[in-house]
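The values are calculated or read from the model by the stated rules, or taken from the named source; none is laboratory data. What you see is a predicted model, and the numbers here were worked out from it, not measured in a lab. Here the Cβ positions follow ideal geometry from the backbone for every residue, glycine too, while neighbour counts run over all protein chains shown. Note: accessible area is taken over every heavy atom of the protein model, side chains too, but ligands, DNA and RNA are not part of it. Shrake-Rupley method; radii C 1.70, N 1.55, O 1.52, S 1.80 Å.
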Amino acid sequence: MKYYFEVIKKYAVFSGRARRSEFWYFTLFSTIISLVLNGITLQFSPATDLDDIYTLLIILPSIAVGVRRMHDVGLSGWYYIIPFYSLFIACQPSDFGDNQYGPNPIYGEQENIFGEKLDDNL
């Protein structure tokens, strides 16, 4: 869930990079929430489409995290609009080290077994 809220905090941030886990966990939780809202709509109130409202609210962060994911593999964010190719790219590992879109986000979150932050020079 932390990745979901991390993407929501970066609501319309198209610069920088997004790890695979950030992209895929956001996609997973968005899909689950959408399915639950769709079920609630069908069960209780077919007059209001909660799922459609949620989709409108979440479309901008979804595009932003997709663009940041393309940046993470070293490509322009415009590659996100190519349907199956962007899905293939989203599964690829991050560029090692820094690229033109910023530092590798994996290194900023590494900790040892005691919860102490590791140096960025690993």
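Summary of values
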read-out: Estimated FRET transfer efficiency when R0 is 35 angstrom, pair residue 96-residue 53 (beta carbons, to 0.05); value: 0.30
read-out: Value in Å of the Kirkwood radius, where the stretch 1-53 supplies the Cα pairs that are averaged; value: 12.4 Å
read-out: Percentage relative contact order, the chain, counting C-alpha pairs under 8 Å, at least six apart; value: 28 percent
read-out: For the chain, average projected area of the Cα convex hull in nm²; value: 9.1 nm²
read-out: Nonlocal amide H pairs with residue 99, under 5 Å, H built at 1.01 Å; value: 104
read-out: Over the chain: helical MRE at 222 nm, DSSP H runs n ≥ 4 each giving -39500 (n - 2.57), nearest 500; value: -17000 deg cm²/dmol
read-out: Dipole magnitude of the chain, debye to nearest 20 (Cβ charges: Lys/Arg +1, Asp/Glu -1, about Cα centre); value: 180 debye
read-out: Accessible-area composition of the chain, carbon plus sulfur, in percent [1.4 Å probe]; value: 67 percent
read-out: Exposure rank, largest accessible area first [98, 52, 72; 1.4 Å]; value: 98, 52, 72
read-out: Accessible surface, the chain, averaged per residue in Å² (probe 1.4 Å); value: 65 Å²
